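Accompanying notes for the structure given below.
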Amino acid sequence: MPACQSTLFLCFAKRHKNGVLFVRRKESDDMLKNFVRYVSFATLSMVGYSLFVLADTFFIAQGIGGQGIAALNLVLPVVHVISGLGWMFGVGGATLFSIQKSRGQVRTAQEIFSLTALAAGLLSLLIVAICFFFRGPLLQALGASGELYHWARDYFAVYTLFTPAFILNFVMVSFLRNDGAPRLASIAFLAGGLANIVLDYIFIFPLQWGLAGAALATCFSPILSLVLAANHLRRGDSQLKFRSFHFQWRDLASVVANGLSSFMNEFSSAVVMFAFNQVLLSLAGDLGVTAYAIIANLNIIIIAILTGIGQGFQPLVSQFYGARDDRSVQAVFRMALVTYLVFGAFCLLLGQVGAHPLVAIFNSQADPALTAMATSGLRLYFLSYPLTAINFFVIYYAVAVNAPRSSMLVSLLRGLILIIPYLLVMSRLWDLTGVWLTMTAVEASTAILSITLIIYYYYKLTGQQNIKIFRRLRRRV
């Protein structure tokens, strides 16, 4: 622990023409405590969220088997889209809320909260209607057919009915973090995750409700989280108040623009899962989809942690950015980047050392063919995470400083533009190996831009942005 603190303390070094000056130790300690507090609570919240899906996968694997996992995997793109919309409104609105609040514009901040909650609620009701009336065509578009169609339909029908609870829960948690209540946000999310685990066991094993029961257990989680989070609204020191406001499309557009990269992070997972499922069905059949389902569910946890780190440091950066405190922004910038790099390296090591036991958790029947395919795929897939960490840092830092174009560009490259062509070409050239390496190639290509932006933002913070190449870049971000 002392070594870790010493390393992080170096992040506060500030370059000066007369040498290197250090921020006073008391200020450094306070900053470090705040950073650890916000990031740890946000990460715990996101891990709690990832337990929704992971618990479903584990109990479905034990109680239903490989067909159940494959059916769940076909529906997961819809889960990611719903989550992405929730985070889009939550992160986008909460970032603007934090900036306005730090500038003393409390009423404007509260109007942003009211607008965000209303827009998210109305959109979620529209999604419920679409999924109810077009259930069959949507499931067929996801690749569900035969027996898998019936399994997938059970989960899809229940899950989409509770879309308002999921989306509004993401919105509420995001605003809690930006209103100085990261602990309550974490408790609410974790309570929901734990409830999901308990109910998964009850609904799948004693009650034998199958995939519909797994979906119902998941749907109770955001309801519990919302009930707990709503307590913050009644606190005297809470700035989260509903205010009447004059609706303007440009205000809603600002919320969406700031949160669009968060949507793209989730939407990219949906695109990846859909595309991978279709390619793997053609290359390896149901076995390939089941192997990918194992990797995809582990990926959910890792992406949740990367998201948690970003959602943890974003309120701090937005607060300091709104107050024009560049020194504090610089300190958080360095700590967040170091945190991302360390976690990315850990994931790389985990994939190479722990692939076999990780796969065994979801392979209850000890199928040797599934073990071989999933273990090989996991080792290759996990090569991408150090690069993913770099890209996530840029996405969330750019959102925090109200630079949505930079954030959106990185999100589009890694989440939409590059995936399909890379997957089609690499799967044709190297079959399954090409499929498993696709994300590494995508993240590496995107990281070229991300590293350039990291250098640009660093020099901008340290007052060295007048270098010719960065003057050009500044006009584009």
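Structure data summary
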| quantity | calculated |
| --- | --- |
| Cα-based Lys proximity count in the chain, under 30 Å, for pairs eight or more positions apart or on separate chains | 17 |
| Protection-proxy order for peptides 278-288, 432-442, each taking the mean of Cβ atoms within 10 Å per residue, highest first | 432-442, 278-288 |
| Alpha-carbon centroids, the range 62-93 and the range 186-222: separation in whole Å | 14 |
| FRET efficiency for D286 and S40, using Cβ-Cβ distance with R0 set to 56 Å, rounded to 0.05 | 0.90 |
| Proximal charge balance of W151 [Cβ under 15 Å; K/R count +1, D/E count -1] | -2 |
| R0 of 41 Å, Cβ-Cβ distance S244-V342: FRET efficiency to nearest 0.05 | 0.35 |
| Length-normalised contact order for the chain - Cα pairs under 8 Å, 6+ apart - percent | 22 |
| Acute angle (nearest 10 degrees) that the helix 419-461 long axis makes with the longest principal axis of the chain, alpha-carbon atoms | 10 |
| Alpha-carbon centroids, the range 98-134 and the range 151-176: separation in whole Å | 15 |
| Exposure proxy ranking, count of Cβ atoms within 10 Å, fewest first, for K101, K33, K241 | K33, K241, K101 |
| Residues V128, V78, sorted so that the one with the fewest Cβ neighbours within 10 Å comes first | V128, V78 |
| Cα-projected label distance for T452 with R107, points at 7 Å along beta-carbon direction, nm | 4.5 |
| Helix axis angle, 106-133 relative to the chain longest principal axis, alpha carbon, degrees | 10 |
| Extension reserve of the Q365-L233 stretch, reckoned as 0.36 nm per residue once the Cα distance is removed | 42.7 nm |
| Hz values of 3J(HN,Hα) by residue in the range 56-69 - Karplus curve (6.51, -1.76, 1.60), Gly and Pro given as x | 4, 4, 4, 6, 5, 4, 6, x, 10, x, x, 4, x, 5 |
| Hz values of 3J(HN,Hα) by residue in the range 212-227 - Karplus curve (6.51, -1.76, 1.60), Gly and Pro given as x | 4, x, 4, 5, 5, 4, 5, 6, 6, 4, x, 5, 4, 4, 5, 4 |
| Positive minus negative residues near R135 (Lys, Arg vs Asp, Glu; Cβ under 15 Å) | 0 |
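FYI, it's all coordinate maths here, none of it is from the lab. Everything numeric in this text was worked out from a predicted model, so none of it was measured. Backbone-built Cβ (ideal geometry, glycine too); neighbour counts: all protein chains shown.
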